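Visitor: One structure, pasted below without further comment.
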Amino acid sequence: QVQLVESGGGLVQPGGSLRLSCAASGITFSLYTLGWYRQAPGKQRELVATLQPRGTTNYAEFVKGRFTISRDNTKNTLYLQMNSLKPEDTAVYYCDANVGGLSYWGQGTQVTVSS
């Protein structure tokens, strides 16, 4: 059974940083394409960043230069380092694992950027 559990969200001031984590069980993270998505109130879920098995990364334009996706294969954990946070980054952040065309999602972690 695949399970993804996000953590690390919270309240941060504009310009601050947070690191999100996504711990996986039931799959070997390094074998699959992984991603971070977010959903703000009243908006559709949108892609933030992806990480392919060989290490290729892809970022949405609105986070390029500020966010970094990475993984620790020994811990089977995916990370999203978020710097220079803006109020518009406020959303629930979800991690995703694409396993043979099937997406597995975590429950999400709330990130709120506000002064």
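The values are calculated or read from the model by the stated rules, or taken from the named source; none is laboratory data. Here the structure is a predicted model, which means the values were calculated and not measured. Here Cβ is always computed from backbone atoms with ideal geometry, including for glycine, and neighbour counts include all displayed protein chains. Areas reflect the complete protein model, heavy atoms only, side chains present, ligands, DNA and RNA absent. Shrake-Rupley method; radii C 1.70, N 1.55, O 1.52, S 1.80 Å.
Visitor: Could you list, in sequence order, the residues of the stretch 71-115 that are part of a strand (DSSP E or B), of a type outside the set (Asp, Glu), without any contact (Cβ under 8 Å) to a residue 40 or more places away in the chain and over 14 Å from Tyr37 (Cα atoms)? Give the derivation first.
Guide: Of the stretch 71-115, the ones part of a strand (DSSP E or B) are 71-72, 77-82, 91-99, 102-105, 109-113.
If we keep only those that are of a type outside the set (Asp, Glu) too, we end up with 71, 77-82, 91-95, 97-99, 102-105, 109-113.
Within this subset, residues satisfying the condition of being without any contact (Cβ under 8 Å) to a residue 40 or more places away in the chain are 102-103.
Result: Leu102, single match.
Visitor: Which pairs turn up if I take residues in the stretch 16-44 that are more than 14 Å from Asn73 (Cα to Cα) and at pLDDT 95 or above and look for partners that are assigned to a loop (DSSP other than H, G, I, E, B) and hydrophobic (A, V, I, L, M, F, W, C) with beta carbon separation below 6 Å, at least 6 apart in sequence or on another chain?
Guide: Partner pairs satisfying both residue conditions: Gly16/Leu85.
Visitor: Hey, any hits in the stretch 22-35 for a residue that's touching a helix residue (DSSP H, G or I) at 6+ places or on another chain (Cβ under 7 Å) and assigned to a strand (DSSP E or B)? Please lay out each step first, then the result.
Guide: Initially, the stretch 22-35 is screened for residues touching a helix residue (DSSP H, G or I) at 6+ places or on another chain (Cβ under 7 Å), giving none.
Taking every residue of the stretch 22-35 in turn, none turns out to be touching a helix residue (DSSP H, G or I) at 6+ places or on another chain (Cβ under 7 Å) and assigned to a strand (DSSP E or B).
Visitor: Looking at (1) at pLDDT 95 or above; (2) within 18 Å of Gln1 (Cα to Cα); (3) open to solvent by 20 Å² or more (accessible area, probe 1.4 Å), find the lone condition where Cys95 falls short.
Guide: All conditions are met except number (3).
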